[in-house]
Amino acid sequence: MSDDLLYFEDLVVGTKASFGRYEVTREEVLEFAAKYDPQPFHLSDEAAAQTHFGRISASGWHTCAMTMAMLVENLKNNRQAGLGSPGQDELRWHHPVYPGDVLRVETELLETKRSRSRPEMGSLRSAIRVYNQNDRMVMSMTGIGLIAVREPERRD
């Protein structure tokens, strides 16, 4: 593996980051909803006006996808020896995302744990929070990641 990567041993619990800029467009909201979450309040101004949303809003799953795009873009400059993810915990949609919103991400490394059964890897848990242009949290989740250990033979 390349030396310019961040490995398990490099992780520092408490590390925070803020990044990303994702402009939510009406066209993308409609396209995503039509394909993956065709509920009326994601597709119709009239239907959305009859709900607590008040107007067309992005699907929560679309918000997840936009967040993933920002996370991956951030990894281009902060390369990790990542090994994928077994999932996310505590996914919450706190506030609707609307066309015209501009999203950003904040993360905080909460925990690291070396695998007992797989010495070549460790896991990490991160708080992931997504905010709109008004600094209102629209989504949060706890991300779980797997990451390579630089020196698997070394057991501290």
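Structural remarks
- Rounded tilt (10° steps) of 26-36 against the dominant C-alpha axis of the chain: 70 degrees
- The range 77-134 versus the range 36-54: alpha-carbon centroid distance in Å: 28 Å
- Qualifying lysines (Cα of each under 25 Å from Cα of residue 76; at least 8 residues distant if same chain): 16, 113
- Of all the options 105, 24, 13, the one that moves most in a Gaussian network model of the chain with Cα springs shorter than 10 angstrom is 13.
- Sequence-distant residues sharing a close amide H with residue 121 (under 5 Å, placed H): 115, 149
- Using θ = phi - 60° and Karplus 6.51 cos²θ - 1.76 cosθ + 1.60, couplings along the range 134-143 (whole Hz; Gly, Pro as x): 9, 6, 8, 5, 9, 7, 9, 6, 9, x
- Across the range 148-153, coupling constants 3J(HN,Hα) worked out from phi with the 6.51/-1.76/1.60 Karplus curve, θ = phi - 60°, read 5, 8, 5, 10, x, 6 Hz, and Gly and Pro carry x.
- Counting Lys and Arg as +1 and Asp and Glu as -1 over every other residue whose Cβ lies under 9 Å from the Cβ of residue 7, the net charge comes to -2.
- The range 46-127: C-alpha gyration tensor shape, a/c 1.5 cut-off, then a/b vs b/c: prolate
- The residue list 147, 127, 109 was ranked by how far each Cα lies along the charge dipole of the range 107-147 toward its positive end, using unit charges on Cβ atoms, and 147 comes out on top.
- Taken over the chain, the ratio of Cα radius of gyration to 2.2 N^0.38 Å equals 1.22.
- Net dipole in debye of the chain [+1 Lys, Arg Cβ; -1 Asp, Glu Cβ; about Cα centre; nearest 20]: 360 debye
- Highest mobility in the GNM of the chain, judged by mean-square fluctuation with C-alpha springs under 10 Å and restricted to 124, 83, 146, is found for 83.
- Within the range 20-77: Cβ-based charge dipole about Cα centre, in debye rounded to nearest 20 (Lys, Arg +1; Asp, Glu -1): 180 debye
- The chain, helix-only ellipticity at 222 nm - DSSP H runs n ≥ 4, -39,500 (n - 2.57), divided by all residues, nearest 500: -6500 deg cm²/dmol
- Around residue 132: net Lys/Arg minus Asp/Glu count, Cβ-Cβ under 14 Å: 0
- Each of residue 44 and residue 30 was given a label point 7 Å from its Cα along the Cα-to-Cβ line. The distance between the two points is 1.5 nm.
- Positive-end residue of 53, 41, 68, charge dipole of the range 1-79 with Cβ unit charges: 53
- Value of relative contact order over the range 8-148, rounded to a whole percent, pairs C-alpha under 8 Å and six or more apart: 30 percent
Read the figures in this text as sums done on the coordinates, not as results from a lab. From a predicted model like this one, the values you see are computed outputs, not experimental measurements. Ideal geometry is used to build each Cβ from the backbone, glycine not excepted, and the neighbour counts take in all protein chains shown.
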